[in-house]
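This report concerns only the one structure given below.
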Amino acid sequence: MSSRRDLSGQPAITVATLVADRGRLLCVEEMAAGTLVINQPAGHLDPGESLVDAAVRETLEETAWTVCPTHLVGVYQWVAEDGLPFLRFAFAATPVSHDPERALDRGIERALWLTPTVLRQAHARHRSPLVARTVEDFLAGRRYPLDLVAWLP
C-alpha cells in the first residue's frame, strides 16, 4: 500500500453562512462560469483555518458584513455537474456590523438581502442546489451546537 494519498475525487471543503435579519437572508450575486447567480456568502476553507473562522472570513470578504456564528445548520455532500465533489458546512450567524466602503471579493457583484419567498422564486439562478437546501434547513429550525465542529489547532 502506497503512503501517498490520491486526492483526485476528494471533495472541496466549503463553508456557507445563513445570516437572517428582519425576515431576510443575506445573499450574494456572483459570476460563475459567465453567469450571474445567487448564493449564500460561501467559499473554500483555507489551510490552517477553522470552519467557523472560514465562515466569518468568507462572509466579510463577500458581503462586507461582520457576523457572529451561532450554530451549525448542516453538513452537505454534493457533486457538481462537472464531477467535482463538495463538502459544505453551513452556519447560522447574526449580523454584527457592515462596512459599506469595503471592496467585495473578485467575482462578487453585490450583496443583497432577500426574503425566503424571493429567494425561492429565484431558484433557477441559484449557484447550486446547496443554496435552497441550506435555506430550507435553516428555516425549518435546524441548529446544532458550534462545538460539533471542533477545531484542534
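Key figures
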read-out: Count - residues of the stretch 37-51 that are among the aliphatic types (A, V, I, L, M) and either loosely packed, with under 12 Cβ neighbours inside 10 Å or in a loop (DSSP other than H, G, I, E, B) (or both); value: 1
read-out: Answer residue from the stretch 18-36, given it is more than 14 Å from the chain's Cα centre (by Cα) and either assigned to a strand (DSSP E or B) or aromatic (Phe, Trp, Tyr) (or both) and is surrounded by the most Cβ atoms within 10 Å (Cβ to Cβ) among those; value: ARG24
read-out: Those residues of the stretch 11-46 which are at pLDDT below 95 and out of contact with any Pro (no Cβ under 8 Å at 6 or more places or on another chain), in sequence order; value: MET31, ALA32, ALA33, GLY34, THR35
read-out: Qualifying residue in the stretch 2-10 (condition: at pLDDT below 95, more than 16 Å from ARG110 (Cβ to Cβ), acidic (Asp, Glu) and part of a loop (DSSP other than H, G, I, E, B)); value: yes
read-out: From ALA55, ALA92, ALA103, residue being aliphatic (A, V, I, L, M), assigned to a loop (DSSP other than H, G, I, E, B) and either closer than 23 Å to PRO11 by Cα or more than 12 Å from the chain's Cα centre (by Cα) (or both); value: ALA103
read-out: Flag for ARG143 being surrounded by 14 or more Cβ atoms within 10 Å (Cβ to Cβ), among the basic types (Lys, Arg) and over 23 Å from ARG22 (Cα atoms); value: no
read-out: Unmet criterion (only one of (1) surrounded by 15 or more Cβ atoms within 10 Å (Cβ to Cβ); (2) among the hydrophobic types (A, V, I, L, M, F, W, C); (3) in contact with a Ser or Thr (Cβ under 8 Å, 6 or more places away or on another chain)) for VAL96; value: (1)
read-out: Number of positions in the stretch 99-114 that are surrounded by fewer than 16 Cβ atoms within 10 Å (Cβ to Cβ) and either at pLDDT 95 or above or on the phi < 0 side of the Ramachandran plot (or both); value: 10
read-out: Of all residues making up the stretch 58-89, the number that are acidic (Asp, Glu) and part of a loop (DSSP other than H, G, I, E, B); value: 2
read-out: Lone unmet requirement of (1) in a helix (DSSP H, G or I); (2) of a type outside the set (S, T, N, Q); (3) buried (at least 17 other Cβ atoms within 10 Å of the Cβ) for ALA132; value: (3)
read-out: Among (1) surrounded by 15 or more Cβ atoms within 10 Å (Cβ to Cβ); (2) modelled with pLDDT under 95 - the single one THR66 does not satisfy; value: (2)
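The values are calculated or read from the model by the stated rules, or taken from the named source; none is laboratory data. Keep in mind it's a predicted model, so treat the numbers as computed, not measured. Cβ sites come from the backbone with ideal geometry, for glycine too, and all protein chains shown count toward neighbours.
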